[in-house]
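Q: Please read through the structure below; I'll follow up with questions.
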Amino acid sequence: MLEKIPSREEMISLIGEEAFSAWEALCKKIEEAYDMDCLWNSGGKAWKYEYKYRRGGKTLCALYAREGCSGFMVIFGKAEQEKFEQNRQNFSPRIQEEYDSSTVYHDGKWMMFPVYDGSLIDEFLNLLMMKRRPNRK
């Protein structure tokens with residue numbers, strides 16, 4: 001847990017206005033669809049901040065921020081990977097490329113998507129729906 005959650009101004013200064021607008025829009029859509037705990041953490045070695053969506057000890061996804069860059073991470077287990085393979089034609093080449101190039105670890109396929117703007121938000125939500133059905137109406 002972070003001692004001090006970054007302000008809107010700090011985030012804009014860190015990742016840039018357009019990336020932060022996309023960050024806000026993505027968070028809004030996730031929060032409209034899912035009732036989750038939201039946790040701010042240090043981003044480890046590679047990132048300054050991590051903003052994670054969790055419920056019942058399971059992570060739905062996480063957003064990451066560092067100087068001039070933000071990212072959206074989702075981890076697919078075996079079942080989600082099979083769903084993606086069956087529906088891959090419904091995703092853009094950018095999503096398919098990231099899926100194909102992502103490393104598979106013991107707990108699943110870790111996919112990190114750069115977030116520069118809002119162009120992939122709907123596809124990110126479709127990925128999340130493969131992982132967990134929305135629990136808000």
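Q: Applying the Karplus parametrisation 6.51 cos²θ - 1.76 cosθ + 1.60 with θ = phi - 60° to the phi angles of the range 34-50, what ³J(HN,Hα) value in whole Hz is obtained for each residue in order, glycine and proline being reported as x?
A: Ordered by residue, 3J(HN,Hα) equals 10, 9, 9, 7, 10, 10, 8, 9, 5, x, x, 6, 8, 10, 7, 10, 10 Hz.
Q: Can you tell me the equivalent ellipsoid semi-axes for the chain? Use √(5λ) from the Cα gyration tensor, largest first, whole Å.
A: Taking √(5λ) for each eigenvalue gives 23, 17, 15 Å, largest first.
Q: Still on this structure, I have one more. Over 18 Å between Cα atoms: which of Lys58/Lys131; Lys45/Lys78; Lys58/Lys109; Lys83/Lys131; Lys29/Lys52 fall into that group? Each step should come with its number before you reach the end.
A: Values: Lys58/Lys131 11 Å; Lys45/Lys78 28 Å; Lys58/Lys109 15 Å; Lys83/Lys131 9 Å; Lys29/Lys52 14 Å.
Violating the 18 Å Cα-Cα cut-off are Lys45/Lys78.
Q: Hey, what does the equivalent ellipsoid look like for the range 55-136, semi-axes from the Cα gyration tensor as sqrt of 5 times each eigenvalue, largest first, whole Å?
A: Values: eigenvalues 67, 51, 39 Å².
Equivalent ellipsoid semi-axes, largest first: 18, 16, 14 Å.
Q: Given a 1.4 angstrom probe, what's the average accessible area per residue across the chain, in square angstrom?
A: Each residue of the chain exposes 58 Å² on average to a 1.4 Å probe.
Q: Let me know the Rg and Dmax you get for the range 7-80 when you use only its Cα atoms, in Å.
A: In order Rg, Dmax, the Cα atoms of the range 7-80 give 12.6, 39 Å.
Q: Could I ask something else about it? How many angstrom lie between the Cα centre of the range 1-39 and the Cα centre of the range 84-107?
A: Cα centroid to Cα centroid, the span is 24 Å.
Q: At a 1.4 Å probe radius, carbon and sulfur cover how many percent of the accessible area of the chain?
A: 49 percent
The values are calculated or read from the model by the stated rules, or taken from the named source; none is laboratory data. All values reported here derive from a predicted model rather than from experimental measurement. The area values use the complete protein model at the heavy-atom level, side chains included, leaving out ligands, DNA and RNA. Shrake-Rupley method; radii C 1.70, N 1.55, O 1.52, S 1.80 Å.
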